[in-house]
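Written out below as structure tokens is the structure these notes cover.
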Amino acid sequence: MIQKAYRNKNININCVDSLGRGALTLAIDGENLEMVELLVIMGVETKDALLHSINVEFVEAVELLLEHEELIHKDGEPYVRIFPLKHI
């Protein structure tokens, strides 16, 4: 259902709630690996998702996000793009 809505441009996968949490953060908090994988495949902005996954000790998400980072890495750029964290 999410994939269909995304294909039809009926959903913004990068939107956030009033607390600044996006779908990826919520999927990590809920330890929903399938949703994390789907969002990454759909091109969600990962921002600080790797750091958040480490913080909540969601090992499978850490591994998935590290693999994703390796796939999108460009020579000469840092591996992980660090964004300021609001919750630290």
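Where a number appears in this text, it was derived from the coordinates with a stated rule and is not lab data. Only a predicted model underlies this, so the values are computations on that prediction, with no experimental measurement involved. FYI the Cβ positions are ideal-geometry reconstructions off the backbone, even for glycines, and counts take in every protein chain you see.
Residues considered: LEU66, LEU39, LEU24. Largest GNM mean-square fluctuation over the chain, using C-alpha springs under 10 Å, is found at LEU66. Taking GluC sites (Glu not before Pro) in DSSP loop states with no more than 13 other Cβ atoms inside 10 Å as exposed sites, the chain has its longest site-free stretch at 1-44.
Along the range 30-46 the Karplus relation, 6.51 cos²θ - 1.76 cosθ + 1.60 evaluated at θ = phi - 60°, assigns HN-Hα couplings of x, 6, 9, 4, 4, 6, 4, 4, 4, 4, 5, 4, 6, x, 4, 6, 7 Hz to successive residues, with x for each Gly and Pro. Sorting the segments 7-17, 46-56 by their residues' average number of neighbouring beta-carbon atoms within 10 angstrom, most packed first, yields 46-56, 7-17. Taking the Cα centre of the chain as reference, the dipole from Cβ charges on Lys and Arg (+1) and Asp and Glu (-1) amounts to some 600 debye.
For the chain, relative contact order (Cα pairs under 8 Å, six or more residues apart, normalised by length) works out to 21 percent.
How large is the direction-averaged shadow of the alpha-carbon convex hull of the chain, in nm²?
If you wrap the Cα atoms of the chain in a convex hull and average its projections, you get 6.3 nm².
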